[in-house]
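Please read the structure below before turning to the comments.
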Amino acid sequence: MNTTAKKIRLKIENIQIELIDLASTVPIEYRDYSRSGILGLPKHHWNELSASQKSTQITLKKEYKLVSEILSLFFRNGPKDLNHKFEQADKVIRKWIEFESSWYISSDKVKNENKLREHFSELFELIDILDVHNSNEIILIPDTNSLIKTSDPVEYKNAVSNKQYVFLLIPTVLQELDELKILHRNENVREKAKKAITRIKGLRNQGSLISGVTVNKTITVKTIANEPDMENTLSWLDKDNSDDRIVAKVIEVQNEFPASRVVLVTGDINLQNKAEAAIIEYSEI
């Protein structure tokens, strides 16, 4: 199953491959500072990168910064030892990407590659912990426009090519539905919003949506009460933007269930772009 942890691991594996390729092309210079009376400095240093190499480095730095920020959210509220291990592994990998001088590098490029793989392996071990108890659970999160299109949870089975999933309704989407049923200038949209709300309220009559209500024997409909914590999410998300709040909440769900497959259902191209940037799987009905 394409779990959140597996998606992040694949992203970092690709970064590792590209960084190894780049490092193999950068010359290494030996400098013996002891003759100058300077002690405690590494003796092997990366030479200046060419314009083409710097361009690749910039891309790698951007890609790693994003995935590192996502990973930091996973470990922030975890055990202190895991958070510390992540911070240490993250710090070392950033040094490799910056091509900083260190005691890790030598004149032997094969040894450098092995050392680089060793440092990435420390990060992979932490990611694998997130995926150790794979639940095979699919969590499907519809956005507002999807619910306007159809509020029947059963209609979403083709979005994930599966008929068993958790249909999760998040606060930002429910709030938007409430606003649309009153404020939208198009009467047809207002009526569809009312219809969606009526269906959701009807499910409440069958039990607690916080605990989950079973629909069609294989679908569990749930709601989440708490809003996303916009102070502790990706730095580029805006708390005043509803799409960003949806992305932030999906990330929180992924953090809580890293061994599950979490899918955002949206036909909104801008929201799809943001989901892709945040390594969130998305689909359409």
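Key figures for this structure:
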{"item": "Only one of Glu100, Glu118, Glu87, Glu113 that is in a loop (DSSP other than H, G, I, E, B), of a type in the set (Asp, Glu) and in the same structural domain as His45 (by TED's automatic domain parsing)", "result": "Glu100"}
{"item": "Selection from the stretch 89-108 of residues that are surrounded by 17 or more Cβ atoms within 10 Å (Cβ to Cβ) and within 26 Å of Val247 (Cβ to Cβ)", "result": "Ala89, Asp90, Ile93, Ile97"}
{"item": "Failed item, numbered, when Val173 is tested on (1) at pLDDT below 95; (2) closer than 18 Å to Lys249 by Cβ", "result": "(1)"}
{"item": "Number of the exception - Gly78 against (1) closer than 17 Å to Ala5 by Cα; (2) among the small types (Gly, Ala, Ser); (3) at pLDDT 95 or above", "result": "(3)"}
{"item": "Test: residue in the stretch 204-212 that is surrounded by 21 or more Cβ atoms within 10 Å (Cβ to Cβ) and in contact with a Leu (Cβ under 8 Å, 6 or more places away or on another chain)", "result": "no"}
{"item": "Phe167 under 20 Å from the mean Cα position of the chain (by Cα), assigned by TED's automatic domain parsing to the domain that holds Gly212 and among the aromatic types (Phe, Trp, Tyr)", "result": "yes"}
{"item": "First in the stretch 126-145 and within 15 Å of Asn162 (Cβ to Cβ), second anywhere and among the polar types (S, T, N, Q) and surrounded by fewer than 18 Cβ atoms within 10 Å (Cβ to Cβ), Cβ under 6 Å, 6 or more apart", "result": "Ile138/Asn162"}
{"item": "The listed residue being more than 16 Å from Ile279 (Cβ to Cβ), touching a residue at least 24 places away in the same chain (Cβ under 8 Å), surrounded by 13 or more Cβ atoms within 10 Å (Cβ to Cβ) and hydrophobic (A, V, I, L, M, F, W, C), out of Phe86, Phe74", "result": "Phe86"}
{"item": "Any hit, the stretch 38-47, residues being in a helix (DSSP H, G or I) and either out of contact with any helix residue (DSSP H, G or I) (no Cβ under 7 Å at 6 or more places or on another chain) or not charged (D, E, K, R) (or both)", "result": "no"}
{"item": "Residue satisfying condition, being over 16 Å from Ile139 (Cβ atoms), assigned to a helix (DSSP H, G or I) and in contact (Cβ under 8 Å) with a residue 12 or more places away in the chain, within set Leu177, Leu234", "result": "Leu177"}
{"item": "Matching residues in the stretch 156-173 - criterion: being crowded, with 18+ Cβ neighbours inside 10 Å and in contact with a helix residue (DSSP H, G or I) (Cβ under 9 Å, 6 or more places away or on another chain)", "result": "Tyr156, Ala159, Tyr165, Phe167, Leu168, Leu169, Ile170, Thr172, Val173"}
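The values are calculated or read from the model by the stated rules, or taken from the named source; none is laboratory data. In this text the structure is predicted, and so the values were computed from the model without any measurement. Here Cβ is always computed from backbone atoms with ideal geometry, including for glycine, and neighbour counts include all displayed protein chains.
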